[in-house]
Amino acid sequence: MDRDGNRKPEASQKSTRPRVPWFWWIVLLALLVWNVFLFLPQGQAQATLPYNVFVDQLQSGNVTEVHITGSQIEGTLEKAIVWPQGGQGASQVSRTLPLLPSAPATPQKYTAFTTTFPDSIGDTSLMPLLRSKGVQVDVSQPSTPWYVLLLTDGLPILLLVGLVIYVATRSIQGQSGIFAFGKSKARRYEGDRPTVTFSDVAGASEAVTELHEVVDFLRSPLKYHQIGARIPRGILLVGPPGTGKTLLARAVSGEAGVPFFSISASEFVEMFVGVGASRVRDLFEQAKQNAPAIVFIDELDAVGRRRGAGLGAVNDEREQTLNQLLVEMDGFDEKHGVIILAATNRPDVLDPALLRPGRFDRRVVVGLPDRNGREGILGIHTRSLNLAPDVDLILLSRTTTGLSGADLANLCNEAALLAASKDRKQITCADFEEALDKILLGGVRPMLLDDHDRRVVAYHESGHALVAWLTPEADPVRKVSIIPRGRALGVTEQVPGDDRYNLSRDYLTARLAVMLAGRGAEELALGEVTTGAENDLVEGTRLARRMVTRWGMGSLRVMAFQADDQQPFLGYELAQGRDYSEATAARIDLDVEKLLDQARNKVQQLLEAQRALLDKLVKLLLREETLDEQDLERVLGPRAVPEPQTLVLPQGSEPQVPVPGRDGAGRGEAVREGVV
């Protein structure tokens, strides 16, 4: 593929001729050398004499010299002899080829001979006899065969050379290894690959609208340069996990039709200092050579964390990589046409120098999808599924409040797996409901509980369900079960009727009451306290503390403090200290305790007044084990709903609409809570 996007002819026409493996050529060459060696002339012909014949020739004075190598004796005769002699059968002449069958030899004259010394019986008279006859004697050690020398001396060197050549070849081809340790590991995607466009993205309409401008920058940069505008250098995609940040980056590349370099920030950092900075330089150099292009860095917080923060030693490699990233983003030519897209779900831990204008100029928030967005996401992920007529995506989108795009994709896949495991050809609504329970509540865990434990779990879950059913501000109860799922012995599933972006104090206190209702039912009906309410107490205390410290719902009123459990930089937080006094901390603790006590008292009064309904619900739950909304309505009656509230204004007054950006009005942050 050339730089203009045209396919090279030699790349599209590959040879289909079968290739012979290289090791067969080596085997053929070895056989050829071996046969040539066998057919080479072996020098002067020798007669293979028996040892007694050799001794007879020695005693007769016909031997002039001998050469002894181990047990092999070779020598020269003064007068040629005829061998083999008549009646002694075929001789073994050394000139006979070892690979050919031996044939009966005809008598010939020889002046050279060879014989074998009898090691087993020995001959002590041989050397005196050789001296007495004046025979020249030469003795040498047996020589090592050539193939043994090749295996012991030559083979290790050949293996070492071959290993070096192999590593060098793979390093050059794969752009990795010891010869390319500082090269970027970014994966490049060209425009002719199957791409993702904005039509494949749902549930993030605001983010798509903002990213459309980026596509226009890459498609028509000239009109922006002519008017004097500067194209944004970096765009940061911020949002919870699974909301489609990576998918949006791929969609921008697919819409713009430009080269797309994708890399995770963790791939920059290695154990050697300086390698990450080298990879950053190489990545930006490749992007500039292929401009206009998009560089996508996923999980930016892996390398972009605040410098000098945290408890313990400083990570020099990560900080040098971050410094190089800052330098490269600041050194862009405004007309290069390279845009950096980055994604993170922890913008609070990023270094401030990385977020300033000129580096990451824009921040695009990719939040959880609303009801219409969830319907669109479900429509995309069910396009290839065979759905039954009873599947209603609109109803399904209402019951999946708080789920991200990845969760919805997993929901569709789980429903398809359940239908296939039951040998069905279509995916029904029951499959989606079972898949949703598996995702939200966990898989069914087979456990054998005794009657006492089942009654404890039944009263605990019935307390949750009864208080939620009779409290108008609480979320509707979708299902109650005493079947163990995941890590819980029983579950009470509440699903908000619609998306909530602004939570009132009444709603939050209702949630506190529902959380403490399980323990209250155990105390009222069984007179004992168990460990089953551990998670309820932890979540209730956390919610009450946030109500006091962050939302001004305690005695501190409009004062707010950063009292979050998540501290990304422990050392930094310790160095900065707490932003309120010990007296204020004591007031916070008292307010939290007061909120929890008020919720507990409300629960106790409600359960005591409705004790008959509680026992009736427990009895039915012990028999059926799982109850849905229809079952609860049949036992408890119609669910309590909040009365609509109207804003009463004094006569002659008009509502004042706050102007955003003036005296801080209209800058309140919306609070988003997940599924209870």
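The values are calculated or read from the model by the stated rules, or taken from the named source; none is laboratory data. Here the structure is a predicted model, which is why all the values come from computation and not from measurement. All Cβ positions, even for glycine, are placed from backbone atoms using ideal geometry, and neighbour counts span all protein chains on display.
Please specify each residue of region 583-640 satisfying the condition of being in a strand (DSSP E or B) and not hydrophobic (A, V, I, L, M, F, W, C). Can you show your working first?
Let us first name the residues in region 583-640 that are in a strand (DSSP E or B), namely 626-628.
626, 628, listed by residue number.
Please find, among 153, 138, the residue that is acidic (Asp, Glu), at pLDDT 75 or above and not assigned by TED's automatic domain parsing to the domain that holds residue 245.
138
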Restricted to region 200-227, and to residues that are free of Cβ contacts under 8 Å to residues at least 24 places away in the same chain and of a type in the set (D, E, K, R), which residue is farthest from residue 250 (Cα to Cα)? 223
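Give the number of residues within region 49-96 that are part of a loop (DSSP other than H, G, I, E, B) and either of a type outside the set (Gly, Ala, Ser) or modelled with pLDDT under 85 (or both).
From region 49-96, those part of a loop (DSSP other than H, G, I, E, B) are 49-50, 60-62, 70-71, 84-96; that's our starting set.
Filter again for either of a type outside the set (Gly, Ala, Ser) or modelled with pLDDT under 85 (or both), leaving 49-50, 62, 70-71, 84-96.
The qualifying residues number 18.
Within region 396-439, can you find the residues that are of a type in the set (S, T, N, Q) and either assigned by TED's automatic domain parsing to the domain that holds residue 200 or under 24 Å from the mean Cα position of the chain (by Cα) (or both)? Quick ask: steps written out before the conclusion?
Applying the first criterion (of a type in the set (S, T, N, Q)) to region 396-439 yields 397, 399-401, 404, 410, 413, 421, 426, 428.
Across region 396-439, the qualifying residues are 404, 410, 413.
Scan region 379-432 for residues that are among the aliphatic types (A, V, I, L, M) and in a loop (DSSP other than H, G, I, E, B) and jot them down. Give the derivation first.
Restricting attention to region 379-432, the residues satisfying the condition of being among the aliphatic types (A, V, I, L, M) are 380, 385, 387-388, 391, 393-396, 403, 406, 408-409, 411, 415-420, 427, 430.
The answer is 385, 388, 391, 403.
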Please pick out the residue among 249, 229, 293, 277 that is under 23 Å from residue 376 (Cβ atoms) and of a type outside the set (Lys, Arg). 249
Scan region 508-554 residue by residue and report those that are over 26 Å from residue 482 (Cβ atoms) and either in contact with a His (Cβ under 6 Å, 6 or more places away or on another chain) or surrounded by 16 or more Cβ atoms within 10 Å (Cβ to Cβ) (or both). 508, 509, 544, 545, 546, 547, 548, 549, 553, 554
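Does residue 449 qualify as being within 18 Å of residue 620 (Cβ to Cβ), assigned to a loop (DSSP other than H, G, I, E, B) and under 39 Å from the mean Cα position of the chain (by Cα)?
On the way: within 18 Å of residue 620 (Cβ to Cβ): yes; assigned to a loop (DSSP other than H, G, I, E, B): yes; under 39 Å from the mean Cα position of the chain (by Cα): yes.
Spelling it out, residue 449 is indeed within 18 Å of residue 620 (Cβ to Cβ), assigned to a loop (DSSP other than H, G, I, E, B) and under 39 Å from the mean Cα position of the chain (by Cα).
Being at pLDDT below 85, polar (S, T, N, Q), assigned to a loop (DSSP other than H, G, I, E, B) and surrounded by 12 or more Cβ atoms within 10 Å (Cβ to Cβ) narrows it down to one of 143, 120, 102, so name that one.
On the way: 143 fails: surrounded by 12 or more Cβ atoms within 10 Å (Cβ to Cβ); 120 fails: surrounded by 12 or more Cβ atoms within 10 Å (Cβ to Cβ).
Selected residue: 102, the only one of 143, 120, 102 that is at pLDDT below 85, polar (S, T, N, Q), assigned to a loop (DSSP other than H, G, I, E, B) and surrounded by 12 or more Cβ atoms within 10 Å (Cβ to Cβ).
For region 199-283, give me every one of the helices (runs of 4 or more DSSP H) that falls completely inside it and has 2 or more residues that are at negative phi, surrounded by 21 or more Cβ atoms within 10 Å (Cβ to Cβ) and hydrophobic (A, V, I, L, M, F, W, C).
Working: elements: 205-219, 221-226, 245-256.
Per the criteria, 205-219, 245-256.
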Hey, could you check region 429-475 for residues that are closer than 28 Å to residue 416 by Cβ, in contact with a helix residue (DSSP H, G or I) (Cβ under 7 Å, 6 or more places away or on another chain) and not hydrophobic (A, V, I, L, M, F, W, C) and say which is surrounded by the fewest Cβ atoms within 10 Å (Cβ to Cβ)? 434
Where a residue in region 62-85 is farther than 19 Å from residue 127 by Cβ and assigned by TED's automatic domain parsing to the domain that holds residue 131 and its partner, wherever it lies, is of a type in the set (Phe, Trp, Tyr) and part of a strand (DSSP E or B), with Cβ under 7 Å and at least six apart: 77/113; 80/110; 81/110; 83/110
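For residue 470, are the conditions met, namely being under 27 Å from the mean Cα position of the chain (by Cα) and at pLDDT 90 or above?
no
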